[in-house]
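S.K.: Dumping the structure here so I can ask a few things about it.
The values are calculated or read from the model by the stated rules, or taken from the named source; none is laboratory data. In this text the structure is predicted, and so the values were computed from the model without any measurement. Every residue, glycine as well, gets a Cβ built from its backbone with ideal geometry; the counts of neighbours run over all protein chains shown. To get the accessible areas, we keep the full protein, side chains included, count just its heavy atoms, and leave off ligands, DNA and RNA. Shrake-Rupley method; radii C 1.70, N 1.55, O 1.52, S 1.80 Å.
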Amino acid sequence: MAIAIAIVRHNLFDIDRILSRSLLYAGLTGIVVGLYIGSLSLFGLVLQHSASGVAPLLATGMVAVALQTLRDVLQRLVSRLVYGLRDDPYAALAQLVL
């Protein structure tokens, strides 16, 4: 309890930045999980009534791959916003050379 009070009261370890980044990543994780569950459930229900056999499974796999690509793009965007060029050392080095 004393350590928690000392960290919050005296701004040790820049706790505001850690909390904001943690909340950002928790929110993005919730959004991505919600998108996965929602879209896969929706497409599973739609294709379950219209087709039988392998087609719903194949379509669900295709949706999962598309959402994985979207998640990768969002991850890179958020990493760039949160960490700047520290997350991409080659880009940081290229800017130093220029």
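S.K.: Assuming R0 = 22 Å, can you tell me the calculated FRET efficiency for the pair L57 and V33, based on Cβ-Cβ distance, to the nearest 0.05?
M.R.: Rounded to the nearest 0.05, the efficiency is 0.55.
S.K.: Can you give me the accessible area per residue for the chain, using a 1.4 Å probe, in Å²?
M.R.: That works out to 79 Å² for each residue.
S.K.: Which of the helices in the chain meet the span-like rule: DSSP H, Cα axial reach of 24 Å or more, Kyte-Doolittle mean at least -1.0?
M.R.: Helices passing the filter in the chain: 15-50, 54-83.
S.K.: How big is the Rg/Rh ratio for the chain, C-alpha atoms only, Rh by Kirkwood, two decimals?
M.R.: 1.22
S.K.: Could you look at the chain and say what percent of its accessible area is carbon and sulfur, using a 1.4 Å probe and all protein chains?
M.R.: About 72 percent, which is the carbon plus sulfur part of the accessible surface.
S.K.: Between L42 and T69, what FRET efficiency comes out of the Förster formula 1/(1 + (r/R0)^6) with R0 = 22 Å and r the beta carbon distance, rounded to 0.05?
M.R.: Here the calculated transfer efficiency is 0.75.
S.K.: Let me ask you something else. Report the FRET efficiency, 1/(1 + (r/R0)^6), for D14 and V97, where r is their Cβ-Cβ distance and R0 is 30 Å, rounded to 0.05.
M.R.: Once the sixth-power term is evaluated, E becomes 0.50.
S.K.: State, as an integer percentage, the relative contact order of the chain based on alpha-carbon contacts under 8 Å between residues 6 or more apart.
M.R.: Computed value for the chain: 17 percent relative contact order.
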